[in-house]
Amino acid sequence: MTRFPEIFERATGQRLFPGTLNLDVGQEIEAREHFRLLGRDIGEPGQDLLFEIVRVNGLWAYRIRPYDLGDGTGGHGDHILEIASAEELRPRLSRAEAIEIELFR
């Protein structure tokens, strides 16, 4: 997101805050691909990034799941949700009593 912000913006329609917030949800949740960013476009030809549209405490965001083109693995595992948004999430979520993640399935 920092090296290729224009490519992430073209994929999402938004300038994303750099970095992801990694949330351990305690169980495997398979990613549902709404769209993908091709790894070759960001210098990672062996993996693509799968994007799933989510909401986190009412804010629109994206779950980003790295996807190894060879074996389908990637990221920290499906029990860790890597969340990105146009807004910086950490300050808002650190004040929240709970973190609610909405998946659209």
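Just so you know, all these numbers are worked out from the coordinates, no wet-lab data involved. Predicted model only: the values in this text are computed from it and were never measured. When we count neighbours, we look across all protein chains shown, and the Cβ atoms used for this are built from the backbone with ideal geometry, even at glycine.
For the residues GLU52, GLU30, GLU9, the requirement of being assigned to a loop (DSSP other than H, G, I, E, B) and out of contact with any helix residue (DSSP H, G or I) (no Cβ under 8 Å at 6 or more places or on another chain) singles out GLU30.
When region 11-25 is limited to residues that are loosely packed, with under 15 Cβ neighbours inside 10 Å and touching a Leu at 6+ places or on another chain (Cβ under 9 Å), the one that is nearest to LEU50 (Cα to Cα) turns out to be ASN22.
Of all residues in region 71-105, those that are in contact with a Leu (Cβ under 8 Å, 6 or more places away or on another chain) and either farther than 21 Å from GLU9 by Cα or surrounded by 13 or more Cβ atoms within 10 Å (Cβ to Cβ) (or both) total 13.
For ARG63, the criteria (1) buried (at least 16 other Cβ atoms within 10 Å of the Cβ); (2) among the charged types (D, E, K, R); (3) more than 22 Å from ILE99 (Cα to Cα) hold in every case but one, which is (3).
The set of residues from region 55-92 being basic (Lys, Arg) and either in a strand (DSSP E or B) or in contact (Cβ under 8 Å) with a residue 40 or more places away in the chain (or both) comprises ARG55, ARG63, ARG65, ARG90. Restricting region 26-60 to residues that are surrounded by 14 or more Cβ atoms within 10 Å (Cβ to Cβ) and polar (S, T, N, Q), the residue that is farthest from SER94 (Cα to Cα) is GLN47.
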